[in-house]
Amino acid sequence: MNALFLSLLFLLTSTAFAQDLFIIKKNINPKNVLHYKADVVQCKLKSVTPYWVMGEVDGHIEDLTTHEKTYFEPKISYNNGTEVDFSMGALDKMGSKLSDKIVKVRLENCKPRAILEIRDQETQITEISVVVNMLMVVKSMTITGLDSVGSRVAIKIEN
């Protein structure tokens with residue numbers, strides 16, 4: 001019985017799963033949170049997908065609208081199965097304030113991590129908080145995550 005249970009557990013964990021990488025929150029409608037998930041199949045990165053959790057209403061999930069895709073849809077530039085590099089319009093809008101605008105998703109023991117190089121240091125991002133005005137122009141962005149030794153960091157970038 002134990003062998004059957006372990007075999008089933010291995011089969012389920014080695015086939016397919018999706019895991020949240022990081023979230024984006026805005027000061028407007030802060031309960032609506034944009035999640036980025038990595039789709040992993042048999043320990044290979046297949047895609048990175050964004051989706052909204054609409055906490056302002058009832059917590060249901062929504063896809064990006066056509067307008068939102070301009071800013072938040074991942075533009076994949078590299079995928080070798082264990083690493084995916086992507087950019088997105090929202091990071092591009094920060095201009096030279098953010099030196100590296102490529103998010104690298106790496107698999108470590110089949111677990112994906114999202115990495116962004118900030119001020120010449122790799123940061124595993126967990127959350128991006130954005131302050132926008134009523135015209136949805138970004139005023140500032142705070143990137144929260146873990147540095148290379150696992151310490152929590154928060155980097156604020158003014159626009």
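The values are calculated or read from the model by the stated rules, or taken from the named source; none is laboratory data. None of the values given here were measured: they were computed from a predicted structure. Here the Cβ positions follow ideal geometry from the backbone for every residue, glycine too, while neighbour counts run over all protein chains shown.
A few notes on this one:
- Checking each residue in the range 24-58 for being in contact (Cβ under 8 Å) with a residue 24 or more places away in the chain, assigned to a strand (DSSP E or B) and over 28 Å from residue 139 (Cα atoms) picks out 38, 40, 41, 44, 45, 47.
- The lone exception for residue 81 - which of (1) touching an Asp or Glu at 6+ places or on another chain (Cβ under 6 Å); (2) closer than 25 Å to residue 148 by Cα; (3) modelled with pLDDT under 95 it fails: (1)
- Residue under evaluation residue 64, criteria (1) of a type in the set (A, V, I, L, M); (2) modelled with pLDDT of 90 or more; (3) surrounded by 15 or more Cβ atoms within 10 Å (Cβ to Cβ); (4) out of contact with any helix residue (DSSP H, G or I) (no Cβ under 8 Å at 6 or more places or on another chain), criterion not met: (4)
- Failed item in (1) without any contact (Cβ under 8 Å) to a residue 40 or more places away in the chain; (2) farther than 30 Å from residue 42 by Cβ; (3) in contact with a strand residue (DSSP E or B) (Cβ under 6 Å, 6 or more places away or on another chain); (4) of a type in the set (Lys, Arg), with residue 97 passing the rest: (1)
- Only listed residue being modelled with pLDDT under 95, of a type in the set (A, V, I, L, M) and surrounded by 14 or more Cβ atoms within 10 Å (Cβ to Cβ), chosen from 12, 4, 91, 21: 91
- Qualifying positions in the range 85-127 - of a type in the set (A, V, I, L, M) and under 20 Å from residue 148 (Cβ atoms): 98, 102, 103, 105, 107, 114, 115, 116, 118, 125
- When the test is whether a residue is in a strand (DSSP E or B), of a type in the set (A, V, I, L, M) and surrounded by fewer than 17 Cβ atoms within 10 Å (Cβ to Cβ), residue 154 passes it.
- Among the residues examined, residue 105 qualifies as hydrophobic (A, V, I, L, M, F, W, C), within 29 Å of residue 42 (Cβ to Cβ), touching a residue at least 60 places away in the same chain (Cβ under 8 Å) and assigned to a strand (DSSP E or B).
- Any hit, the range 60-76, residues being of a type in the set (A, V, I, L, M, F, W, C) and touching a residue at least 60 places away in the same chain (Cβ under 8 Å): no
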